[in-house]
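Structure first, then comments.
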Amino acid sequence: MHSARRSGSVRMFKACAVLVAGLALAGCVQQAALPPDIRPARMPTEAPEVIPVNLKTSWPDLLAAVESQVARCTDLAADGTCADAAGDAAYVYREEDSWAPIDQSMLGQPLGVKIAVWRTEPVSIAVTGSHITASLKLLYRVRVGLMSGRQVASCGFGEAPREMTVQFEGDVDFDPDWALDPDFRVDILPGARCAVSLLKLDITDQIISPLRDALQKEADNAADRVGAIPDAHALAEIPWASFAEPVSLGNRVWLESNLVSARARLPTVTSDGRYLLTTIGIESRPRIVIGRRPTVHPSPLPPLADGPVDSAFSIKVRGLIDYAEAARMIQEHVGSALGPQSLHGMRIHGVTVSGRGNAIVVAIEVRGSLSVTLYFFGVPRFEGVAGNAAGGKLTLDRPRFTYTANGPLSGLLVSLFSARIEAALAASAWWDATPYLRAAVKELEAAVNRPLTPEARLEGKLTSFGPGQVRVGPDGLEAWYRIGGTVDVTVTPFK
């Protein structure tokens with residue numbers, strides 16, 4: 001019996017010795033010091049990013065629309081003149097019921113003309129940069145006579161009709177109200193001239209004079225049509241209003257454009273001749289918002305500024321993960337690392353995240369077998385994949401670990417298992433963002449490929465991704481990621 005008592009006492013003594021030694025050891029564990037409690041600096045506001053929106057409308061359809069607005073004779077007589085049966089609507093200009101005075105006379109009697117003008121060929125329009133050139137070939141016939149009523153000569157009757165060409169050219173520009181402001185110079189070039197042999201007089205210029213007002217009106221109308229189709233203001237309002245709306249990139253994740261201003265590049269015809277292209281550079285400060293859908297405060301289309309605009313974009317999309325959201329994500333991410341498979345009876349009671357200088361500090365409160373707060377900290381870094389696919393991971397440079405224990409037993413256990421805990425945390429000190437980035441890109445691609453109106457469709461391509469960066473800010477983790485591609489708005493108002 002004495003032997004049994006001695007044996008029990010020895011076991012108790014040994015257990016006490018181990019406990020005392022463990023407590024002593026706990027006091028000697030080397031812990032990393034937390035970073036100095038310095039408030040992180042805020043990321044500076046940078047210049048707006050430019051998102052070019054290529055407004056495209058069919059150049060052949062535009063030409064057809066202009067064509068349809070200028071009278072064209074398709075009912076020709078055998079001599080090539082426009083048939084009387086075609087009606088007045090087939091003529092560009094027609095005044096054959098009465099004499100129009102000209103600045104000529106015969107034997108003291110004033111002369112006048114009766115004129116019919118028509119066309120059979122299409123209007124020719126060319127755009128080079130911001131320079132527009134258009135020409136309209138016209139045919140005409142004319143009678144020359146006394147204002148009192150007697151005809152004395154004619155051109156284009158019993159012979160081929162005479163020709164003249166209306167040409168206008170000039171440059172176009174946008175004014176601040178988004179209206180195209182053409183500055184065209186109009187000229188009328190005679191072809192086969194009208195000479196009255198009886199009078200030994202070439203009256204071509206006199207014939208052109210009464211036509212000039214009518215032809216100037218036609219030229220101005222054609223210029224207005226070229227300038228107004230497409231209506232830049234109306235077309236730009238479509239993407240402006242669309243881009244102002246937040247785009248869902250996933251559960252509680254939004255892309256907010258924060259539109260600022262706009263500038264335009266003057267219209268031109270694409271090299272394949274398919275489209276008339278006007279590029280609008282929409283300036284914005286895009287950012288990612290996590291949480292509820294941001295409230296949009298609609299703003300009108302701003303005054304238009306001049307300036308060069310590329311056809312493709314490469315922009316930084318910025319985002320803020322506030323510390324509360326970061327804590328929620330980290331708790332979900334490291335929960336398994338500190339679960340029962342790591343240390344029996346441990347459970348995470350709560351996670352808080354804060355910034356100190358350029359470092360992030362994660363405090364993990366553990367309850368259960370232990371009552372301890374684990375601190376894991378380091379400088380965050382984003383390793384973004386640059387290329388034609390989105391990807392990257394978030395890591396901590398030089399991750400460090402420390403803790404505070406509630407009571408000596410927890411201190412003992414943490415000291416005994418500190419290497420294991422630190423290894424588990426270190427294994428969790430990175431986050432593969434690739435699946436989330438690619439899911440967000442998929443949502444964004446869907447948002448930039450959709451109908452805007454029955455006549456306008458948004459067509460976008462995302463072609464390049466990365467690099468990116470993350471830093472510690474006063475309110476959370478501030479990050480940006482570069483995205484490149486093109487955005488087109490194809491308009492079909494002529495169907």
Exactly one of Arg263, Arg274 is within 15 Å of Asp173 (Cα to Cα) and not aliphatic (A, V, I, L, M), and that residue is Arg263
Selection from segment 119-146 of residues in a strand (DSSP E or B), without any contact (Cβ under 8 Å) to a residue 40 or more places away in the chain and loosely packed, with under 14 Cβ neighbours inside 10 Å yields Ser124
Conditions (1) surrounded by 16 or more Cβ atoms within 10 Å (Cβ to Cβ); (2) modelled with pLDDT of 90 or more; (3) in a strand (DSSP E or B) -> Pro451 fails only (1)
Exercise. Using the structure shown, decide if Ala89 is aliphatic (A, V, I, L, M) and in a helix (DSSP H, G or I).
Key: yes
If you go through Phe376, Phe382, the only one that is open to solvent by less than 60 Å² (accessible area, probe 1.4 Å), at pLDDT 80 or above, among the aromatic types (Phe, Trp, Tyr) and under 16 Å from Ala479 (Cβ atoms) is Phe382
Being farther than 30 Å from Glu478 by Cβ and part of a strand (DSSP E or B) narrows Ile51, Ile115 down to just Ile115
Expected single match for touching a Lys or Arg at 6+ places or on another chain (Cβ under 9 Å) and modelled with pLDDT of 90 or more among Ala446, Ala433, Ala389, Ala439 is Ala389
Turns out the strands (runs of 3 or more DSSP E) fully within segment 179-276 with at least 1 residues that are modelled with pLDDT under 70 and open to solvent by less than 40 Å² (accessible area, probe 1.4 Å) are none
Per the filter on segment 37-58, residues at pLDDT below 90, surrounded by fewer than 17 Cβ atoms within 10 Å (Cβ to Cβ) and basic (Lys, Arg) are Arg42
With criteria (1) at pLDDT below 85; (2) surrounded by fewer than 16 Cβ atoms within 10 Å (Cβ to Cβ); (3) assigned to a strand (DSSP E or B), Ser314 comes up short on (1)
Out of (1) of a type in the set (Asp, Glu); (2) at pLDDT below 85; (3) open to solvent by 70 Å² or more (accessible area, probe 1.4 Å), the one Asp61 does not meet is (3)
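The values are calculated or read from the model by the stated rules, or taken from the named source; none is laboratory data. Keep in mind it's a predicted model, so treat the numbers as computed, not measured. Here the Cβ is made from the backbone with ideal geometry for all residues, glycine too, and neighbour counts use every protein chain on show. For the accessible areas, the whole protein counts, side chains as well, though only heavy atoms, and no ligand, DNA or RNA atoms are used. Shrake-Rupley method; radii C 1.70, N 1.55, O 1.52, S 1.80 Å.
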